[in-house]
Amino acid sequence: DYTGMICSKTSPAKIVQQAIDDSTFMCTRKYGDAPKVVVHGASNLTFSYVPTHIHYIMLELIKNSMRATVEWHGIDEDYPPIKVIISDGEENEDVVIKVSDEGGGIKRSHMKRVWSYLFTTADPAVQEGMVAFENVDHSIDSPLAGLGYGLPISRAYARFWGGDLSVMSMEGYGTDVFLHLSRLGDSREPLP
């Protein structure tokens with residue numbers, strides 16, 4: 001099913017579930033608990049794509065939603081579920097995956113900066129600790145958030161293959177993120 005890195009039968013639902021499992025592990029390690037994630041939509045959909053890129057992007061989006069939800073509602077609370085919707089319809093131009101949370105949203109003044117490398121809303125000590133390389137085993141203690149490159153790289157991955165990543169936020173409530181993955185196979189490689 002693979003030609004190089006491209007899988008002709010990439011299943012967004014399976015990749016989303018892997019990202020949910022990985023994010024849940026990381027969130028539970030950090031906070032002792034994690035919000036539930038419910039998945040709706042096209043569970044049987046497959047198309048040609050690079051599965052590792054989808055996993056990277058979905059891991060970033062779900063980690064961000066989990067962190068925001070836990071920090072907004074407080075540790076040891078009943079968390080509203082994070083919703084992941086996979087668009088269905090074989091005739092759709094794109095495969096669209098929406099991640100929706102009730103994690104308090106992003107300030108409007110921060111919206112343009114979420115695409116800037118090294119911008120983070122997490123505790124600045126996370127970046128300082130990663131740069132210092134002191135007494136940290138990154139193979140077992142990777143941070144849940146705070147390095148400031150997850151969203152920019154995710155958008156670059158999506159755009160490289162003709163898709164996109166967009167964020168819609170309502171401060172005080174939550175955030176919806178839309179991942180568009182081109183399924184047509186007719187986009188050109190965006191080289192300078």
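Cα to Cα, under 23 Å, and not fewer than 8 places away if on the same chain: which lysines meet these conditions relative to Lys112?
List returned: Lys63, Lys98.
Using the Karplus curve 6.51 cos²θ - 1.76 cosθ + 1.60 with θ = phi - 60°, what ³J(HN,Hα) values do you get for each residue of segment 60-74, in whole Hz, with x for Gly and Pro?
Values, residue by residue: 4, 5, 6, 4, 4, 5, 5, 4, 4, 5, 5, 6, 6, 8, x Hz.
For the pair Glu77 and His40, what calculated FRET efficiency results from E = 1/(1 + (r/R0)^6), where r is the Cβ-Cβ distance and R0 = 30 Å, to the nearest 0.05?
0.80
Which values of log₁₀ I(q)/I(0), to two decimal places, follow from the Debye formula for segment 1-77 at q = 0.24 Å⁻¹ with a uniform point scatterer at every Cα?
Here the Debye-derived log intensity ratios amount to -1.04.
What are the extents of the Cα atoms of segment 17-57 along their three principal axes, in Å, largest first?
37, 21, 11
Provide the per-residue ³J(HN,Hα) series for segment 30-36, in order, calculated from phi with Karplus coefficients 6.51, -1.76, 1.60 and θ = phi - 60°, each as a whole number of Hz, with x at glycine and proline positions.
7, 10, x, 7, 8, x, 6
Using a 1.4 Å probe and ignoring any ligands, DNA or RNA, find the accessible area of Glu90 and quote it in Å² to the nearest 10.
My reading of the accessible area for Glu90 is about 130 Å².
The values are calculated or read from the model by the stated rules, or taken from the named source; none is laboratory data. Only a predicted model underlies this, so the values are computations on that prediction, with no experimental measurement involved. Virtual Cβ from ideal backbone geometry, glycine too; neighbours counted across all protein chains shown. The accessibility values were calculated without ligands, DNA or RNA, using every heavy atom of the protein model including side chains. Shrake-Rupley method; radii C 1.70, N 1.55, O 1.52, S 1.80 Å.
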